[in-house]
Ligand SMILES: [Zn+2]
């Protein structure tokens with residue numbers, strides 16, 4: 001197994017990855033607050049961690065993946081009131097919409113999708129323990145975490161207490177003893193419609209406590225990877241460490257992975273700027289495969305400036321792989337093999353290049369998940385393969401199969417190749433196209449280029465692209 005290196009926000013450097021248990025990885029990622037539909041920035045995080053999980057499985061780990069859903073929060077309560085419905089109904093609706101988007105992106109659901117409102121008892125328990133250990137105190141408006149009681153505060157974000165005071169949007173509240181302290185429990189306000197009873201009166205959890213509670217419940221006191229967008233480093237993840245470590249004496253996760261921000265023309269996406277791009281709107285125009293390719297074609301820690309053109313560009317680049325894969329499929333299904341069992345020197349070279357590509361892809365991905373480098377390798381191979389088909393250099397069925405399998409497997413790891421179930425309709429369509437192409441060959445034989453070109457153009461209009469090779473025409477469906 002390749003040694004994997006991960007850039008760990010906690011230590012500020014790239015480190016060899018060693019899970020707590022041999023061959024098992026436990027991973028927790030902060031999911032959405034369901035007050036609106038997820039945007040392309042959120043999707044970047046979910047796509048990336050879905051890939052991390054698949055890659056770790058690919059190299060042989062057994063992965064347990066938890067992605068939480070924040071379904072009670074100031075923003076939800078406010079949005080529900082504006083709509084005139086209950087906060088819980090509102091959160092339910094947007095949880096459903098989030099799951100729809102998640103599945104529409106063709107991401108594999110995590111092992112657990114825990115929701116805050118289903119864990120209130122455990123949250124109350126956890127807070128009580130923090131109070132007992134004197135890391136928290138009660139106030140008229142709730143329960144607060146005593147930041148200065150925790151020595152390691154700031155170790156993730158590498159900020160001094162002073163910097164944090166300036167940087168943080170410190171919430172004004174009557175009960176706080178120190179401006180750095182943060183709420184674990186918020187007492188119910190008059191206008192709010194959602195609350196649970198607790199030893200400190202009715203109210204609801206603060207935001208950060210849920211992740212300490214749910215990660216511990218599903219993954220244990222210490223697990224391997226904690227992920228999220230880089231905007232969560234402070235204060236959310238800093239607070240999470242403070243809560244969990246105060247209780248257990250251990251940093252909850254050993255590797256903290258943060259995904260760079262996605263901006264629109266250099267600005268953060270926000271409701272007030274009106275520049276939010278919802279993933280469901282993008283999926284109306286682009287396939288999930290194109291969106292995933294777009295996301296993974298940049299290194300995850302790099303910030304991305306989103307433009308419409310960049311998605312269009314991604315679609316074109318991805319087509320290099322699709323084209324090679326489909327052409328191999330056509331080649332195999334044509335069944336026209338004169339030398340099925342003989343492998344030429346040229347084919348041997350192509351097979352060698354598979355091995356080289358595989359090594360380089362694994363090296364790139366093992367180096368802090370460098371998906372960009374890995375995809376470059378896949379592109380290069382696909383280009384060569386397609387050219388070899390056009391030049392009629394692939395004659396052996398074995399070689400065609402191996403190439404197709406390799407490109408398919410690798411693409412599936414990234415989730416960038418659309419699975420096309422072979423249906424009866426599909427087979428009939430393939431036969432019809434083959435028959436049309438045979439007719440066209442008749443015209444080509446008698447050098448009637450006009451009709452041959454007209455047939456080709458007609459197929460193109462119908463979404464079928466045809467390339468003429470020395471072995472005859474190769475067709476593929478245009479996306
Ligand atoms: Zn979280």
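How high is the FRET efficiency between residue 125 and residue 285 when r is their beta carbon distance and R₀ equals 56 Å, given to the nearest 0.05? Mind dumping the intermediate values first?
On the way: r = 47 Å, r/R0 = 0.84.
In this case the efficiency is close to 0.75.
At a 10 angstrom cut-off on C-beta neighbours, averaged per residue, how do the peptides 440-451, 46-57 rank from highest to lowest? Present the calculation step by step, with values, prior to reporting the outcome.
Values: 440-451: 12.9, 46-57: 22.0.
Packing order, densest peptide first, comes out as 46-57, 440-451.
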Grab the eigenvalues of the alpha-carbon gyration tensor for segment 309-477, scale each by 5, take roots, and send me the semi-axes largest first in whole angstrom. 30, 20, 14
By the mean-Cβ-within-10 Å protection proxy, highest first, 86-99, 258-271, 220-233 rank as 220-233, 86-99, 258-271
For segment 309-477 the mean separation of alpha carbon contacts under 8 Å (6+ apart) over residue count, i.e. relative contact order in percent, is 29
Longest principal axis of the chain (C-alpha) makes with the long axis of helix 345-366 (C-alpha) an angle, in degrees to the nearest 10, of 10
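Suppose we look only past 17 Å in the calculated P(r) of segment 192-307. What percent of the Cα-Cα pairs does that tail hold? Write out the running numbers ahead of the final one.
On the way: 4572 of 6670 pairs.
So the pairs more than 17 Å apart make up 69 percent of the total in segment 192-307.
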Rounded to one decimal in nm, the spacing of the 7 Å Cα→Cβ label points at residue 302 and residue 462 is 4.2
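Sorted from fewest to most neighbouring beta carbons within 10 Å, what does the list 30, 211, 195 look like? List each step's numbers first, then the result.
Working: 30 22, 211 28, 195 17.
If I rank by nearby Cβ atoms, fewest first, I get 195, 30, 211.
Can you tell me the convex hull volume per residue for segment 268-352, based on C-alpha atoms, in Å³ to the nearest whole number? Walk me through the numbers on the way to the answer.
Values: hull volume 11.5 nm³, N = 85.
Per-residue hull volume (Cα only) is 135 Å³.
So if I average 1/r over every pair of distinct C-alpha atoms in the chain and take the inverse, what Kirkwood radius in Å does that give?
Working: mean 1/r = 0.0395 Å⁻¹.
This gives a value of 25.3 Å.
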What is the log10 of I(q)/I(0) for segment 365-458, computed with the Debye formula using one identical point scatterer on each Cα and no solvent, at q = 0.12, 0.15, 0.16 Å⁻¹? -0.63, -0.88, -0.95
At a 10 angstrom cut-off on C-beta neighbours, averaged per residue, how do the peptides 117-129, 301-313 rank from highest to lowest? 117-129, 301-313
Debye intensity ratio I(q)/I(0), log10, segment 76-160, q values 0.24, 0.26 Å⁻¹ (C-alpha model): -1.07, -1.15
Cα Rg, Dmax (largest Cα-Cα span) when computed across segment 1-143, Å: 18.5, 55
Tell me, how many Å apart are the Cα centres for segment 143-166 and for segment 69-110? 31
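Compute the normalised compactness of segment 5-285: alpha-carbon radius of gyration over 2.2 N^0.38 Å, N being the residue count.
Working: Rg = 18.6 Å, N = 281, 2.2 N^0.38 = 18.7 Å.
Compactness ratio reported: 0.99.
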Cα-based Rg and Dmax for segment 346-419, in Å, come out at 12.4, 39
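Per DSSP H run of at least 4 residues, take -39500 (n - 2.57); add these up for the chain, divide by its residues and hand me the 222 nm value, nearest 500 deg cm²/dmol.
Numbers: 15 runs with 227 residues, N = 479.
Only helices count here, giving -15500 deg cm²/dmol.
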Treating every alpha carbon of segment 31-87 as one equal point scatterer without solvent, the Debye formula yields log10 I(q)/I(0) values at q = 0.19 Å⁻¹ of -0.74
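Between residue 190 and residue 277, what is the FRET efficiency for a Förster distance of 25 Å, r being their Cβ-Cβ separation, to the nearest 0.05? Working shown, then result.
On the way: r = 36 Å, r/R0 = 1.45.
Between residue 190 and residue 277 the formula returns 0.10.
Computed from the coordinates by the stated procedures, all read-outs in this text should not be read as laboratory data. This structure is a prediction, so every number in the text was calculated from the model and none was measured. Every residue, glycine among them, receives a Cβ derived from its backbone with ideal geometry; neighbour counts consider all protein chains shown.
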